[in-house]
């Protein structure tokens, strides 16, 4: 008798467990589908931010060379031509280095769309004069523009910076 009681309890729990997971399977599937569908809003793929090309960059800077010596001091930036879309701007905070494409992402590439660096900021040469921060990559003073600067990775090894994407 005692075994029958345990067997009937076991059967009850198994049935309950089976019914619970029978209910949970479609619920869990629905949650997964909703999660996957909600992941399609990637801000990097903003339709208004498609002026810049995806150009491969792999450039090394020797900080002991005179043209890059400004980067050893905080608050300075250097323009490097012939890389990326309109050159690359490397900025130093004294602790970190940041590298950005020098082309204004809120303009179609043109003769005026290259940024002119000044310390940790840069200004577009076009009539609108968009101004960007070289630490955050964001535009300053104009919330109507949505595109931030195109960032490149920077790896420091000794006295050398490797800029790449």
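Please treat every number below as a calculation from the coordinates, not as lab data. Since this is a predicted model, take the numbers as computed values, not measurements. Cβ coordinates were reconstructed from backbone atoms using ideal geometry, including for glycine residues, and neighbour counts include every protein chain displayed.
Stretched out straight at 0.36 nm per residue, the stretch from residue 93 to residue 111 would grow longer than its current Cα-Cα span by 3.6 nm. Among 80, 61, sorting on how many other beta-carbon atoms sit within 10 Å of each Cβ, with the fewest leading, yields 80, 61. Using R0 = 35 Å, the C-beta based FRET efficiency linking residue 155 and residue 50 works out to 0.80.
With each label modelled as a point 7 angstrom along the Cα→C-beta vector, the residue 65-residue 164 pair spans 1.8 nm. With the alpha-carbon atoms of region 94-165 aligned to their principal axes, the span from lowest to highest coordinate is 41, 22, 20 Å, starting with the largest.
Given R₀ = 45 Å, what would the calculated FRET efficiency be for residue 33 paired with residue 58, taking r from the Cβ atoms and rounding to 0.05?
It comes out at approximately 0.70.
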